[in-house]
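The values are calculated or read from the model by the stated rules, or taken from the named source; none is laboratory data. Because the structure is a prediction, the values reported are computed rather than measured. Positions of Cβ are generated from backbone atoms using ideal geometry, with glycine treated the same way; all protein chains shown enter the neighbour counts.
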Amino acid sequence: MNYISAHSGQSLQLYQPDEVRPLERGPFLPDVIARTVARYQFAKLPTLPAAEEGPLKFEIGKIIVDGVEISINSLEIYRDGIIVNTRHTDDSDAVIDDFFGWMIETFGFRAPMTKILRRYVSAVIVDLDSPLNSFLSRFERAQQIVSDAYEQTRGERRDFHVSQITITPNLAEPQRDFFRLEIRTSSPHVVPNRYFCTAPLPTRAHIEMLAALERAV
């Protein structure tokens, strides 16, 4: 497997709202928005939510952490959590850590007592040594059946191939935690065995999983 690039990395930090609010009073929301925009240089400002629980979504910003500039696609603040989208989950984690620390220092928010593990979604682009066909041990027979049926109804022969594999924990309801490998088709030129991969994992763990998966099959 050849790791080509990170496409996107989302970190979600949930918390108990009662634990993070300032003990008394509270910051002026327009002031929070203005100072957040200034700190992270967001180009797209959020609108004031209709209710206190409504989200604030900041878009297209950046921050320098440990001498490294991180581009931020979005920072979303909810009543019970924060979502950050960058290209790599390491960067998203760094933004969340910076934001939490700054909010505590600047506006009197508190570090949550209840520790909730972060959740992740990452997308990477990789070249696999073999096509997805090799992931299915009996695919050659399935390919023949599908191709025969297509030829009989359409009058031409096509060899079909696996273009996407999706693995979910439960098919009975929509899931956030799915693993998906699909042919990378949105680039100007299609590269053989190049795939767009999505998983509910940090970027680094995602890459390690793909390498282990390819070795296994």
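Against the conditions (1) exposed (fewer than 13 other Cβ atoms within 10 Å of the Cβ); (2) part of a strand (DSSP E or B), Ser8 satisfies every one except (1).
For the stretch 125-155, the candidate set comprises residues that are within 30 Å of Asn2 (Cβ to Cβ) and among the aromatic types (Phe, Trp, Tyr); within that set, the residue that is farthest from the chain's Cα centre (by Cα) is Phe139. Considering (1) among the aliphatic types (A, V, I, L, M); (2) in a loop (DSSP other than H, G, I, E, B); (3) at pLDDT 85 or above, the lone condition that Ile165 does not fulfil carries the number (2). In the stretch 41-87, which residues are at pLDDT below 90 and of a type in the set (Val, Ile, Thr)? Answer for the stretch 41-87, where residues must be at pLDDT below 90 and of a type in the set (Val, Ile, Thr): just Thr47. Counting the residues of the stretch 37-96 that are on the phi > 0 side of the Ramachandran plot and outside any strand (DSSP E or B) gives 3. Here the condition is being in contact with a helix residue (DSSP H, G or I) (Cβ under 6 Å, 6 or more places away or on another chain), closer than 21 Å to Gly9 by Cβ and surrounded by 15 or more Cβ atoms within 10 Å (Cβ to Cβ); of Val84, Val121, it holds for Val84 alone. In the set Ile104, Ile145, Ile207, only one residue is assigned to a helix (DSSP H, G or I), among the aliphatic types (A, V, I, L, M) and at pLDDT below 85; that residue is Ile145. If you check Gly108, Gly101, Gly155 for being in the same structural domain as Asn73 (by TED's automatic domain parsing) and at positive phi, only one passes: Gly108.
When the stretch 186-204 is filtered for residues that are surrounded by 10 or more Cβ atoms within 10 Å (Cβ to Cβ), modelled with pLDDT of 80 or more and not basic (Lys, Arg), the ones remaining, listed by number, are Val191, Asn193, Tyr195, Phe196, Cys197, Thr198, Ala199, Pro200, Leu201, Pro202, Thr203. Residue count for the stretch 66-86 satisfying the condition of being touching an Asp or Glu at 6+ places or on another chain (Cβ under 6 Å) and not hydroxyl-bearing (Ser, Thr, Tyr): 3.
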